[in-house]
1. Could you look through segment 10-21, keep only residues that are in a helix (DSSP H, G or I) and surrounded by 10 or more Cβ atoms within 10 Å (Cβ to Cβ), and pick out the one that is farthest from the chain's Cα centre (by Cα)?
2. Kindly provide the set of residues from segment 15-49 that are at pLDDT below 75 and either closer than 21 Å to Tyr2 by Cα or of a type in the set (A, V, I, L, M, F, W, C) (or both), ordered by number.
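The values are calculated or read from the model by the stated rules, or taken from the named source; none is laboratory data. These numbers were taken from a predicted model, which means no experiment stands behind them. In this analysis, Cβ positions are derived from the backbone assuming ideal geometry, glycine residues included, and neighbour counts consider all displayed protein chains.
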Amino acid sequence: MYAALWRVLPGPWWVRALILLVLLAALLFVLATWVFPWVDTMLNPQEVTVGSTSAGGAR
């Protein structure tokens, strides 16, 4: 798949690398802006307390 993408992109290797970096940055931007917040609303986080201390608890 990556070889096919590399062959489809125009230009010398440095132009291809630049195009791939821009596409990667755009993908990460879309994921962080819209996809991850949408998925976060679908998940049901639980209230978890780690390392709580109690009067008679073991240490």
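1. Of the residues in segment 10-21, the ones in a helix (DSSP H, G or I) are 13-21.
Cutting the leftovers down to surrounded by 10 or more Cβ atoms within 10 Å (Cβ to Cβ) gives us 15-21.
On the way: Val15: 25, Arg16: 23, Ala17: 20, Leu18: 20, Ile19: 19, Leu20: 17, Leu21: 15 Å.
So, considering only residues that are in a helix (DSSP H, G or I) and surrounded by 10 or more Cβ atoms within 10 Å (Cβ to Cβ), the one farthest from the chain's Cα centre (by Cα) is Val15.
2. Within segment 15-49, just Val48 meets the criteria.
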